Each structure stands twice: as structure tokens, then as C-alpha cells.
Amino acid sequence: MNIKINMNFKVGKVVKFFVLSDLALLAGWGLVEPVVSIFIIEKIQGATLTTVGISAAAYWLLRSILQLPIANFLDRNKGENDDFRVLISGLLIAALSAFIFTIIEKPWQLYLNQIVHAFAFALYVPAWSGIFSRHLDKDRMAFDWSLDSTAIGLAMGVSGLVSGVIASWFGFNAIFILAAIFSMIAALILIMAPGLILPKKTSEEQQILKDHSSINIQV
């Protein structure tokens, strides 16, 4: 039995830029995840392990609840203008949330910021997934999703490796500032790609694309 392995790594431009954006965002927040619990215990007044648990629960529960109505809203509105605006908004709010971590002193401030953090990713995840799904390369969908998963894994792995070193040498604020910078870079990757997601279209093309049809430009 002959087994052929396809070594073609070419992907569409939309997939490429979305993977790069996802990599930048998760590289930044990958710096935060390994040290945030230590930050809470050491730097927030009166914080305990219970504070760490409440903080994590507030983020994950609120993000999980908010994602569904946001995704439903995006699905109801045809075209990718709304998706793109929500996506960029999520990235900018994520950057804001990372910056807020640098001024947190009390548990209630932490919980409030976790609401901001949850809202940011509740915007980002449905919008990113929606646009990415509609622009998957035909007959290479598994590869495109795996490429993104691999990029995230590499980003999180490297970030996790260096986050402790950065926090030890430069302090926790350096971690949060880097997470904010990487979140803004993720937004800029998409904003600076001219005509990638929201190209100018003729009236005929608008009619064709209004149902979110996929465009794949091989490079």
C-alpha cells in the first residue's frame, strides 16, 4: 500500500494573516497564564487561593456565556463588516485588559478586570472563528485548522518557557505590558493587510459575497 504525504504548506492569504494574528495574541497572553496566580497572591492586597479561583471562574464563566449571543448576532448579520469590527474591538479590549493588570491592587479590581478580559475574548473568538471558517482553503480545511492549532501551541509553549524569566528579571508589569503590545500587534496585522478582509467590491461582487462566500487567494 502506497501512502502519499502532501508537503504543500501554501495557504490562502486570509488564513495566513488570521493564523499570524492568533499567534501574536496567544503569544502575549501565553506570557500571562503561567504567572498570573503568583501575581494575584503576591501583589494583590488580601488575595488568597480563593481569590485565584474566583478570578478564573469569573473569566471563564462570563466568557462562555457571552460568546453565544455574540456569535448568534454575527450569524444573523450577513457580510463580514460586523465580524471584522467585532474582531478588532475584541483585540483592542484585550490590550486594555492587559494594561489594567498593571494597576490592580485589590481583589475587586481584579474581578472587574476579569469581566473586561472575558468580554474581549467573547468578542474575539466568535468573530475570528467565523471569518476564518468562511475562508478555509477548499479541500485543506483540516490542515488550515491544524496550522492555527500548531501556531498557538508553539506560541504558548515559548511564552510559557520565558514568562517566568521575564517576571523574575523585569517584574509582573513587564508581562502584562507585553501581553497588551502583542494584542495590539494582532489587531494591526489584520488592519494593515490592505483589502484582505474588506476589499472594495463591485455591486455584482457584493451580491455574490453577501452570503459570506469564501474567497481563497493562493500565495
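The values are calculated or read from the model by the stated rules, or taken from the named source; none is laboratory data. Please read these numbers as outputs of a predicted model, since none were measured by experiment. Virtual Cβ from ideal backbone geometry, glycine too; neighbours counted across all protein chains shown.
Remarks
- Members of the stretch 130-178 found to be under 27 Å from ASN72 (Cα atoms), out of contact with any Phe, Trp or Tyr (no Cβ under 9 Å at 6 or more places or on another chain) and of a type in the set (A, V, I, L, M), listed by number: MET141, ALA142, ILE152
- Cross-chain or 6+ apart pairs with Cβ under 8 Å, the stretch 17-33 first and on the phi > 0 side of the Ramachandran plot and of a type in the set (D, E, K, R), then modelled with pLDDT of 95 or more and part of a helix (DSSP H, G or I): none
- Subset of the stretch 71-83 (residues that are buried (at least 19 other Cβ atoms within 10 Å of the Cβ) and within 12 Å of VAL125 (Cα to Cα)): LEU74, ASP83
Residue by residue, here is whether (1) modelled with pLDDT of 90 or more; (2) assigned to a helix (DSSP H, G or I) holds:
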{"site": "LEU147", "(1), (2)": "no, yes"}
{"site": "VAL165", "(1), (2)": "yes, yes"}
{"site": "ASN173", "(1), (2)": "yes, yes"}
{"site": "ILE197", "(1), (2)": "no, no"}
{"site": "LYS200", "(1), (2)": "no, no"}
{"site": "HIS212", "(1), (2)": "no, no"}
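- For ALA47, the conditions (1) under 25 Å from SER133 (Cα atoms); (2) assigned to a loop (DSSP other than H, G, I, E, B) are fulfilled apart from (1).
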